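A.B. asks: One structure, as C-alpha cells, below. Some questions next.
The values are calculated or read from the model by the stated rules, or taken from the named source; none is laboratory data. For clarity, every value in this text was computed on a predicted model and none was experimentally measured. A quick note on method: Cβ atoms are made from the backbone with ideal geometry, for glycine too, and the neighbour counts reach across all protein chains shown. To get the accessible areas, we keep the full protein, side chains included, count just its heavy atoms, and leave off ligands, DNA and RNA. Shrake-Rupley method; radii C 1.70, N 1.55, O 1.52, S 1.80 Å.
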Amino acid sequence: MNNLDFSHPWHFSDVVLSVEGTRFHVHRSTLSMWSPVFEKMFTSDFAEKDAEEIALPGKKAKEVEVLLKIVYSHGRAQKVTGRFHTNSPPPPP
C-alpha cells in the first residue's frame, strides 16, 4: 500500500469523503475500526449512515489525506508530502 490513491473508487470502497473539493474514496468498515466517531456515524441514525458521499466541512484535505494514509497503512510510516508520519513520536535527532 505504498501508493495509496483515494481519488478513485478502489477495492470495494463504499463511501466518499468530500473535503475542500477533494474526494476520498474509502471504506466504512476501515474508518469504523479506527475511529469511534465514524463508527457511531455509520451505525447510528445519522444521515451519513447510508450516504454515498459525506462532506467534512471545516477540515483540511491535506490533513484528511495524512490521516487516511496512516489508517490504511495500519499505523506504519508512510511518506506524505516529503515527511514521514506515524502514530508514534518521531525518533530523537
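A.B. asks: Take residues that are loosely packed, with under 15 Cβ neighbours inside 10 Å and over 12 Å from the mean Cα position of the chain (by Cα) and tell me which of the helices (runs of 4 or more DSSP H) falling wholly in region 5-81 contain 2 or more.
C.D. replies: Passing ranges, in order: 36-43.
A.B. asks: Cβ-Cβ distance below 6 Å, separation of 6 or more or different chains: which pairs start in region 44-70 with a residue that is closer than 17 Å to Ser32 by Cα and end on one that is open to solvent by less than 40 Å² (accessible area, probe 1.4 Å) and of a type in the set (S, T, N, Q)?
C.D. replies: So the pair list comes out as Glu53/Ser18; Ala55/Ser18; Lys69/Gln78.
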